[in-house]
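Beneath this line is the structure, given in structure tokens, with notes to follow.
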Amino acid sequence: MPRTIDWVDGRIVLVDQTALPELRTVTVATVDELIDAIGRLVVRGAPALGVAGALGVALAAATSSGAALELVADRLAAARPTAVNLAVGVRAAMAAAAEGPAAVLAAALAVRDEDIAACHAIGERGADLLTELCGPGSLRLHTHCNAGALACVEWGTALGVVRSLHERSRVALVVADETRPLLQGSRITAVELAALGIPHRVVVDGAGPSIVARGLVDAVVVGADRIAANGDVANKIGTYPLALAAARAGIPFVVAAPESTLDPATPDGAAIAIEERAEEEVLTVAGTRMAPAASAAWNPAFDVTPADLVTVIVTEKQVWRPSGE
């Protein structure tokens, strides 16, 4: 599996996540192309978006500077409003703007390398944590959307925890929600699990809470796109029902995310902007409309899980129990 996003010969090379499970790459030469790729979910996943933001600034710095570069950076940071990592990556690269293009590129590559190291650390810390919470036996884990290597540069966050447990021979089964409407669970998470040889089952989103309620999993492990100062967690739409089910079933609900996803400037979940995507994603399947012409749709890309439903947040640096338990 190539890196999800990387810098090659002055260009950004992306794994095209809209084409999965077919493995195809896209080479991006301009910031406009990158913004389009972000909007179309060619690149997605909070950590990968952070790296995309940083590398996008490096791309722009080769031809722009000063106020012009700042305008491009602002456009890039706003390409997806819910995931805080995108703006964090942009800011990290822009911090070196006064020193010239080479310094900007070095700062952007540092963001990439820090993501790789952070994900491995999250995986190990999360595996230790789940051993503490659930005991030393084999675990049945439930996840939502994709928080694996393809959402990062390498390894993954929530799926990175699964991978670390798998390396310890501790994973009995992973239940992956298909993640409507774009099926990141069945198209991406399942591809990663199959490649790793990890036993798994794909379920429709509506079945997820019932699977938890029936006692078929031991813990829920998800990623995050933004974590507010009070511990409220924004993640892919459909995460909140899993948190409710986990709380009712009395099993851990674990959020695995890098420190860059923590947003102290956002006080709580109510202050998180929820991206509303095109209604065609809901109303059509493979280009065929499935609802009457008169039907409209709501298509929020994310929901917010309140802090009191989060057992623990694990980052590369800390274990945070928002509920205080």
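All of the numbers you see were taken from the coordinates with simple rules; none came from a lab. Being a predicted model, the structure only gives us computed values, none of them experimental. All Cβ positions, even for glycine, are placed from backbone atoms using ideal geometry, and neighbour counts span all protein chains on display.
Here are some notes:
- Mean Cβ count within 10 Å, highest first, over the residues of peptides 5-11, 91-97, 72-78: 91-97, 72-78, 5-11
- Highest mean first, the peptides 180-188, 252-260, 217-225 sorted by other C-beta atoms within 10 Å per residue fall in the order 217-225, 252-260, 180-188.
- Each Lys and Arg adds +1 at its Cβ and each Asp and Glu adds -1 at its Cβ; summed about the Cα centre, the chain shows a dipole of about 700 debye.
- For Cα Rg over 2.2 N^0.38 Å, the value calculated from this model appears in [x] 1.05; [y] 1.12; [z] 0.96 under label [z].
- Span-like helix ranges in the chain, DSSP H, alpha carbon extent 20 angstrom or more, Kyte mean at least -1.0: 46-61, 101-134
- Each of ILE116, ILE12 was scored by other Cβ atoms within 10 Å of its Cβ. Listed from fewest to most, they are ILE116, ILE12.
- Calculated diffusion of region 5-115, Stokes-Einstein form, Kirkwood radius summed over Cα pairs, 10 °C and 1.306 mPa s, µm²/s: 119 µm²/s
- For the residues THR315, THR82, THR25, a GNM of the chain with alpha-carbon springs under 10 Å puts the largest fluctuation on THR25.
- Protection proxy ranking of 287-293, 228-234, by the mean of other Cβ atoms within 10 Å over each peptide's residues and highest first, is 228-234, 287-293.
- Distant alpha-carbon pairs in region 57-199 (separation over 21 angstrom), percent: 53 percent
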